[in-house]
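Working notes for the structure below.
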Amino acid sequence: MRTVSRSGEAGRRWLESLPTLVAEVCATWGLEVEGPARHGEWGLVFAVRGAGTPAVLKVTWPSEDGSMERAVKALTLWDGRGAVRLLRADTVRQALLLERLDSTADLSRVGVEEALPVAGSLLRRLAVPAPASFPSLAAVARRVGTTLPQRWEQQGRPLSRQVVERAVALASELAPSVGNLLVNWDIHDGNVLRAEREPWLVTDPQVLAGDLEYGVAQLLWWGLEEIESSGGVRRALDRIVDSADLDADLTRAWTYVRTLDYWLWGLEAGLTVDPPRCERVIESLGRVG
């Protein structure tokens, strides 16, 4: 993990506290750790067993944005339908006990011809009415529309002014009429795992209330190289739209706004791979939109 480089001394202290924290959670929940930890960008996952049942214990970086609480609410609402089943949660310790899936078999193990319809169908299945407490996509659209021009200037105008102006106009048009569905906007290859009770299940939800079409863009970024060699962005969007029963025009609009927002965020964060991918997606959307 890049916890120390990202969070400095606070990150170091958190990492040093993990053995004690994990031991406390395991003692409280009657768990036995079965193997070494696996790490992601923001936390650790341990294979554990409690009362003879295989599970995983996930411990994440303590955020103050409410994302853990929203994830718990979403997993509780879904109750295992299309998503990993939540067994227990401790939001103070930022710990989740989840059913164990096959961590060696995510959606990247199959080609985009299979992966895109699977992701689209899961996106639709998870679209239940959003709790009133969830942040609205309207606020996201207003933030993006307001900040894009300045962020574009700060990054040295890395793309044409027309692209920025189009994204700003789209965000302004979209904000007033957003829906109220629970949107998991981080479904991608690495967050969809093989399971026994269903072929594929979503993990690690990132959710808000809004239009389901907002949850499509990352599917293009993650699989872009194969998408480009398998019919291109136009065909990929059509497959996702069909499998998730989405509005095609709304999908293209939200994907354009999200891709430009992520492009600039990637430049701000020093990413080297994703911004060029975003550029290619924007170019393709300009041809299809």
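The values are calculated or read from the model by the stated rules, or taken from the named source; none is laboratory data. Note that the structure is predicted; figures quoted are calculated from it, not measured. No Cβ is skipped: glycine too gets one built from the backbone with ideal geometry, and neighbour counts run over all protein chains shown.
The residues on offer are Leu271, Leu224, Leu201, Leu193, and the sole one that is on the phi < 0 side of the Ramachandran plot, of a type in the set (A, V, I, L, M) and buried (at least 23 other Cβ atoms within 10 Å of the Cβ) is Leu201.
Residues in the stretch 141-165 that are more than 16 Å from Cys278 (Cα to Cα), small (Gly, Ala, Ser) and either surrounded by fewer than 16 Cβ atoms within 10 Å (Cβ to Cβ) or not assigned by TED's automatic domain parsing to the domain that holds Ser177 (or both): Gly156 alone. Look at (1) over 22 Å from the mean Cα position of the chain (by Cα); (2) within 29 Å of Ala83 (Cα to Cα) and you find that Glu225 fails only one, number (1). Output the number of residues of the stretch 203-254 satisfying the condition of being in contact with an Asp or Glu (Cβ under 8 Å, 6 or more places away or on another chain) and farther than 19 Å from Ser121 by Cβ. The total comes to 2.
Among the residues of the stretch 224-245, is any of a type in the set (Asp, Glu) and closer than 27 Å to Leu44 by Cα? Scanning the stretch 224-245 turns up no residue that is of a type in the set (Asp, Glu) and closer than 27 Å to Leu44 by Cα. The one condition from (1) closer than 19 Å to Glu225 by Cβ; (2) assigned to a loop (DSSP other than H, G, I, E, B); (3) of a type outside the set (S, T, N, Q) that Leu246 does not meet is (1).
For the stretch 41-73, what are the residues that are of a type in the set (A, V, I, L, M, F, W, C) and assigned to a loop (DSSP other than H, G, I, E, B)?
Across the stretch 41-73, the qualifying residues are Trp42, Ala51, Trp61.
Listed here are the residues, each with its yes/no results for (1) farther than 27 Å from Met68 by Cβ; (2) in a helix (DSSP H, G or I); (3) among the charged types (D, E, K, R); (4) in the same structural domain as Pro158 (by TED's automatic domain parsing).
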position	(1), (2), (3), (4)
Arg197	no, no, yes, yes
Ala209	no, no, no, yes
Tyr214	no, yes, no, yes
Arg234	yes, yes, yes, yes
Val241	yes, yes, no, yes
